[in-house]
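A quick write-up on the structure given underneath.
The values are calculated or read from the model by the stated rules, or taken from the named source; none is laboratory data. Everything numeric in this text was worked out from a predicted model, so none of it was measured. Cβ placement follows ideal geometry from the backbone for every residue including glycine, while neighbour counts extend to all protein chains displayed. What goes into the accessible areas is simple: the full protein's heavy atoms, side chains included, and nothing from ligands, DNA or RNA. Shrake-Rupley method; radii C 1.70, N 1.55, O 1.52, S 1.80 Å.
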Amino acid sequence: MTRTVHIQYFAVLREQARRGQETRQSNAATPTELYEEVRQEHGFSLPRTMLRVAVNDEFCDWSVPLQPGDTVVFIPPVAGG
């Protein structure tokens with residue numbers, strides 16, 4: 001099933017995607033599938049295992065089913081000092 005999803009990128013993912021957000025049509029059923037889709041398209045260097053994911057402002061498991069109109073945020077590790 002094709003669905004519209006809204007994706008937000010931060011830190012290194014934002015730099016590699018050259019954008020902070022995008023809306024796209026996707027057949028991805030889970031955040032795992034969606035990340036692999038955008039990772040290939042944008043050439044992301046980080047593996048999924050290094051990220052957290054949130055759907056509609058809630059941290060969640062990578063296997064949660066995506067619904068049309070969901071907002072997905074891929075959150076990389078943040079370095080601080």
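With of a type in the set (K, R), surrounded by fewer than 16 Cβ atoms within 10 Å (Cβ to Cβ) and either touching a Gly at 6+ places or on another chain (Cβ under 6 Å) or outside any strand (DSSP E or B) (or both) as the only criterion, which of R19, R39 stands out?
That would be R19, the only listed residue that is of a type in the set (K, R), surrounded by fewer than 16 Cβ atoms within 10 Å (Cβ to Cβ) and either touching a Gly at 6+ places or on another chain (Cβ under 6 Å) or outside any strand (DSSP E or B) (or both).
Every residue in region 40-72 that is at positive phi and not charged (D, E, K, R), please.
G43, N56, G69, listed by residue number.
Specify which of the listed residues (A11, A28) is at pLDDT 95 or above and open to solvent by less than 70 Å² (accessible area, probe 1.4 Å).
None of the other options fit; the residue is A28.
One line per residue, one yes/no per condition, for (1) touching a residue at least 60 places away in the same chain (Cβ under 8 Å); (2) assigned to a loop (DSSP other than H, G, I, E, B); (3) touching an Asp or Glu at 6+ places or on another chain (Cβ under 8 Å):
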site	(1), (2), (3)
T23	no, no, no
A29	no, yes, no
E33	no, no, no
A54	no, no, no
P68	yes, yes, no
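Only one of E15, E22 is among the charged types (D, E, K, R) and over 11 Å from the mean Cα position of the chain (by Cα); which?
Going through E15, E22 in turn, just one is among the charged types (D, E, K, R) and over 11 Å from the mean Cα position of the chain (by Cα): E15.
Looking at this structure, is N56 under 13 Å from I7 (Cα atoms) and not acidic (D, E)?
Yes; evaluated as a whole, the condition is true for this residue.
Within region 1-21, which residues are closer than 21 Å to P77 by Cα, of a type in the set (A, V, I, L, M) and touching a residue at least 60 places away in the same chain (Cβ under 8 Å)?
Matches in region 1-21: I7, A11, V12, L13.
Just to verify a result, which residue in region 7-16, among those that are out of contact with any helix residue (DSSP H, G or I) (no Cβ under 9 Å at 6 or more places or on another chain) and part of a helix (DSSP H, G or I), is nearest to G69 (Cα to Cα)?
R14
Looking only at region 57-69, which residues are over 11 Å from the mean Cα position of the chain (by Cα) and surrounded by 14 or more Cβ atoms within 10 Å (Cβ to Cβ)?
C60, V64, L66 - these are the residues of region 57-69 that are over 11 Å from the mean Cα position of the chain (by Cα) and surrounded by 14 or more Cβ atoms within 10 Å (Cβ to Cβ).
If you scan region 43-56, which residues turn out to be within 11 Å of Q16 (Cα to Cα), surrounded by fewer than 16 Cβ atoms within 10 Å (Cβ to Cβ) and not hydroxyl-bearing (S, T, Y)?
G43
So P77 passes all but one of these: (1) modelled with pLDDT of 95 or more; (2) surrounded by 10 or more Cβ atoms within 10 Å (Cβ to Cβ); (3) in a loop (DSSP other than H, G, I, E, B). Which condition number does it fail?
Going through the list (1) modelled with pLDDT of 95 or more; (2) surrounded by 10 or more Cβ atoms within 10 Å (Cβ to Cβ); (3) in a loop (DSSP other than H, G, I, E, B), P77 breaks only (1).
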